[in-house]
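> I have a structure I would like to understand better, so I am pasting it below and will then ask my questions one at a time.
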Amino acid sequence: MALAALLAAAPVSTGAAAGKFRSAEEALQQGIGAYSGGYYEMAIPALEVAAAENLFFAQYYLARIYSDNQGSHTDHPKAYMIFQRIANDFADVDPDDDRRAPFVARALTALAGYVRRGLPEIGLEPNAERAADYLHHAAIFFNDEDAQFELAKLQLKGEGVPSDVAQGKHWLSILSQKGHAGAQAFLADLYWRGMHMQKDPVRALALISVAVKNAPTAERVWIEDIYQNIYCGAPQGVRKQVGGMVAEWDSRYGRRPQSDDRNSLAALDQRATRTCENGELVPLDFGNGAQKPAATPLIAEPSPTHVTPPTGSGTSLGIMGAGVLGGSGPFGSRSAPPSGLGLRDAGDSSVR
């Protein structure tokens with residue numbers, strides 16, 4: 001079926017479910033409640049009723065369900081269509097005063113993932129430049145950290161945006177300071193591999209140990225994979241140096257996840273035991289209880305000289321402390337959203 005026809009169709013089918021609720025608002029409340037508990041089979045009919053009445057949050061949570069690879073209701077074409085609709089209809093909501101704003105940003109980031117990878121089921125071909133447009137808008141206009149993280153990775157690769165390794169490293173470090181677990185894990189891996197950075201196994205192990213504690217449920221597996229690789233590969237001498245750094249950095253850069261991940265407490269209890277190849281247990285609380293040493297910079301390298309942070313925003317970390325929205329920077333200015341955002345519908349030429 002052509003993508004244009006799919007997008008033109010109603011996003012949901014209510015069927016007899018509509019009669020079970022006194023209003024679309026009641027359906028929305030019940031749907032979100034079921035979603036939060038992980039009961040997708042109960043959430044979908046209720047959210048469909050609410051989405052048929054164009055309630056924003058019903059559309060958003062339906063898309064989340066359909067995009068969840070761990071669920072039994074995964075349907076990426078449906079998820080893409082709903083995320084695309086949200087992008088088309090809500091990309092200009094007030095980023096400060098509209099409570100939908102952070103959810104629109106997440107929808108844009110998810111949409112960028114589909115556009116970047118492509119979706120053969122509906123003829124959507126990969127388009128890195130268009131994906132970068134979505135991420136740019138979410139990162140700047142909505143100040144979304146996940147979008148900033150994804151955009152920084154594109155800068156390191158030169159994928160969809162001009163290659164700028166210094167800027168990509170700079171923004172990974174800024175996000176790491178803010179407690180973004182994905183950025184912390186990614187930066188730790190760069191330190192461990194000596195890729196784009198001077199190889200530094202001590203900083204790598206300290207930073208990934210903090211990232212594991214910060215990791216939200218949806219990101220935990222890949223972050224723990226990096227942690228296991230670094231911990232098991234680190235010699236005892238490195239581990240001894242790291243203990244105090246983890247305690248210090250955890251107090252400064254730790255940020256326990258506050259997300260809408262479902263069943264987060266249950267997921268914590270179900271974390272698999274990890275071991276190294278030699279059978280050694282991998283501790284997920286490495287560095288707990290260690291005495292804090294003197295302050296250690298998060299990143300030892302100078303920040304790019306062409307980034308100008310706002311006055312007085314420097315930190316003791318040895319890097320520029322510019323906020324993503326402050327002054328000039330790699331992503332531009334929030335007050336002037338990028339032109340050519342590319343919030344295009346199914347008629348876009350990238351879709352065959």
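The values are calculated or read from the model by the stated rules, or taken from the named source; none is laboratory data. It should be emphasised that the depicted structure is a prediction, and the values quoted were computed from it without experimental measurement. Here the Cβ is made from the backbone with ideal geometry for all residues, glycine too, and neighbour counts use every protein chain on show.
> With the structure loaded, tell me whether Asp285 is more than 11 Å from Ala206 (Cα to Cα), in a loop (DSSP other than H, G, I, E, B) and either modelled with pLDDT under 50 or among the hydroxyl-bearing types (Ser, Thr, Tyr) (or both) or whether it fails that test.
Details: more than 11 Å from Ala206 (Cα to Cα): yes; in a loop (DSSP other than H, G, I, E, B): yes; either modelled with pLDDT under 50 or among the hydroxyl-bearing types (Ser, Thr, Tyr) (or both): no.
Answer is no for this residue.
> In addition: I want to confirm something. Restricting to the stretch 150-206 and keeping residues that are outside any helix (DSSP H, G or I) and within 13 Å of the chain's Cα centre (by Cα), which single residue is surrounded by the most Cβ atoms within 10 Å (Cβ to Cβ)? Full working, then the answer.
As a first pass, look at the stretch 150-206 and keep what is outside any helix (DSSP H, G or I): 158-164, 178-180, 194-200.
With the extra rule that they be within 13 Å of the chain's Cα centre (by Cα), the set shrinks to 179-180.
On the way: Gly179: 20, His180: 23.
Only one residue fits best here, namely His180.
> Consider Ala234 carefully, then state whether it is crowded, with 22+ Cβ neighbours inside 10 Å and modelled with pLDDT of 90 or more.
Values: crowded, with 22+ Cβ neighbours inside 10 Å: no; modelled with pLDDT of 90 or more: yes.
No.
> Has the stretch 55-64 got at least one residue that is out of contact with any Asp or Glu (no Cβ under 6 Å at 6 or more places or on another chain) and over 27 Å from Gly118 (Cα atoms)?
Yes; the residues of the stretch 55-64 include at least one that is out of contact with any Asp or Glu (no Cβ under 6 Å at 6 or more places or on another chain) and over 27 Å from Gly118 (Cα atoms).
> Mind checking which helices (runs of 4 or more DSSP H) fall wholly inside the stretch 21-95 and carry at least 2 residues that are without any contact (Cβ under 8 Å) to a residue 24 or more places away in the chain?
Numbers: elements: 24-36, 40-52, 56-67, 76-90.
Answer list for the stretch 21-95: 24-36, 40-52.
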